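Below is one structure, written out as structure tokens; the observations come after it.
The values are calculated or read from the model by the stated rules, or taken from the named source; none is laboratory data. Quick caveat, the model's predicted, so the values are computed rather than measured. Heads up, the Cβs are rebuilt from the backbone with ideal geometry, glycines too, and the neighbour counts pull from every protein chain shown.
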Amino acid sequence: MKLVRRTAAALAATVVIAGIVRLRGTGGVPPRRGGWREIPVDELK
Amino acid sequence: MRVTVIGMGAVGGRVIDALAADPDVESVLVLHRQPDRVAARAAQWPDKVQLRQGGPGQPASSGRLARARRPAVAPGRVPPSEPLPRSGRAAGPPGLVPLSGRAAGPPGRVQRSGPVPPSGQAADVTVIAEPAAVRRSALAALEAGSHVVCPVDDPIDVRHLLELDAQARAAGRTVAIGTAMAPGLSCVLAAHLVPRFARVEEIHVASLGTGGPACARRHHAALAGIAIDWADGAWRRRAGGSGRELVWFPEPVGGADCYRAALPDALLLAPAFPECRRITARLEATRRDRLTSWLPMLRRPHPEGMVGAVRVEVRGWNADDQPDVRILGAATAPAEVAAAVTAVTARWAGAGRLARLGAAGLAELVEPTGKFLADVTRAGVPVSLFEGAGS
């Protein structure tokens, strides 16, 4: 019974930690240089 | 030019408005399962727009039948057992992806009655802006002698349509696949950037936002599906919702985390750029989207998403043999982008301006890309260039 409880606790902890890791943080950093410029129609031709 | 439009949702309605306002378009026949629901909107163009119940390849009021005959695959999920060709070109005609056995009915049994207006003249172009029975609709339109324009974003639908390449060539018609924001504008942006390189190594597509309710359901399903990337000459399957990457979209959208998802961009770009080593597509998602992607949608999708953006990054080597990065994007509501790209594609198809016959994505069909992007910009979707990202 003790083994079952420990296994269940370990699984629960794994799920919680995996969920936190999956949901938190960001996928990188913003660009440090450059920016967007709208292209006029004449330039596209 | 006579046009048939199937479906009148967030995208279809705008396509109809754009085409009805075009002096080169003689008539627009709208096929809808419940015409009463859209009669008021169609009545805005009483001289040009006719409304009829039904859709190509299906008799009137048989919408349920059409749904029942869809391939037995959940939207956005590509079964791991299905073979993908090692190369789009290696499988035969460019872009042809074998999905035999999962087709929605044999080609020869499709009724011809759909895209033929009551006058008896077949439409020059058929726009399929309806997510159900796309392949059957496309087949019926081809058999009636019409070019086909499909703003689809489901990988299964895209693969079914790519299989129509031989039939479309034999019929002397074009099936333009994925004429939405991504795929669609993303394919044209990639094709516009590639000639700037001596050698292209990587193409990365990212998109944000959804159009109408059908698009929102696809977004939800895509995050739980299997992403298909092109890597080193082979298809690579990765779990949807993985591979988080912060992507900087044009203003006013800015930065957003994007993830792998069941998106068809690589399926359409790989045949167009077989020399490219790596092609990926990512989709913006919130933490709640990722957490709940494996569940049914917890609430009804919104009528239309008003914020959207697409970004295409191409990496390679320039003429001086130096590494180079070029990025194009657009930030407009997805349904507006999809409608603008679809309407321009329909005009180009009707005027015989698309680059080749057969079934393919816009990266293969649009030439010159600059003129196409100029037409899209005039339709209200400005294109932006990210400056300062080069080597």
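Checking each residue in the stretch B:316-345 for being in contact with an Asp or Glu (Cβ under 6 Å, 6 or more places away or on another chain) and within 13 Å of B:Val381 (Cβ to Cβ) picks out B:Ala335, B:Val344.
Residues in the stretch A:29-41 that are loosely packed, with under 13 Cβ neighbours inside 10 Å and at pLDDT below 90 were compared, and the one that is nearest to the chain's Cα centre (by Cα) is A:Val29. Give the residue that is modelled with the lowest pLDDT, with candidates limited to residues of the stretch B:271-291 that are assigned to a loop (DSSP other than H, G, I, E, B) and under 19 Å from B:Gly241 (Cβ atoms). Step by step, filter the stretch B:271-291, then rank; the result is B:Thr286. All conditions in (1) in contact (Cβ under 8 Å) with a residue 24 or more places away in the chain; (2) away from chain A (no Cβ under 14 Å) hold for B:Arg238, with the sole exception of (1).
For the stretch B:190-213, the condition of being under 30 Å from B:Arg300 (Cβ atoms), surrounded by fewer than 24 Cβ atoms within 10 Å (Cβ to Cβ) and of a type in the set (Asp, Glu) holds for none of the residues. Apart from one condition, B:Val344 fits all of (1) more than 19 Å from B:Pro195 (Cβ to Cβ); (2) free of Cβ contacts under 8 Å to residues at least 60 places away in the same chain; (3) surrounded by fewer than 24 Cβ atoms within 10 Å (Cβ to Cβ); (4) not acidic (Asp, Glu); the exception is (3). So is B:Cys258 at the interface with chain A (Cβ under 10 Å from one of its Cβ atoms) and either closer than 25 Å to B:Thr332 by Cα or buried (at least 21 other Cβ atoms within 10 Å of the Cβ) (or both) or not? Judged against the criteria, B:Cys258 is a match. Being within 17 Å of the chain's Cα centre (by Cα), more than 9 Å from chain A (Cβ to nearest Cβ) and among the hydrophobic types (A, V, I, L, M, F, W, C): is that true of B:Ala379 here? When the stated conditions are applied, B:Ala379 does not pass them. Among strands (runs of 3 or more DSSP E) entirely within the stretch B:1-55, having at least 2 residues that are surrounded by fewer than 19 Cβ atoms within 10 Å (Cβ to Cβ) singles out B:49-53. The strands (runs of 3 or more DSSP E) found entirely in the stretch B:292-371 that carry 1 or more residues being within 14 Å of chain A (Cβ to nearest Cβ) and modelled with pLDDT of 95 or more are B:309-317, B:323-330. Give the residues of the stretch B:282-304 that are out of contact with any Pro (no Cβ under 9 Å at 6 or more places or on another chain) and exposed (fewer than 10 other Cβ atoms within 10 Å of the Cβ), sorted by residue number. Residues satisfying the conditions are B:Leu295, B:Pro296, B:Leu298, B:Arg299.
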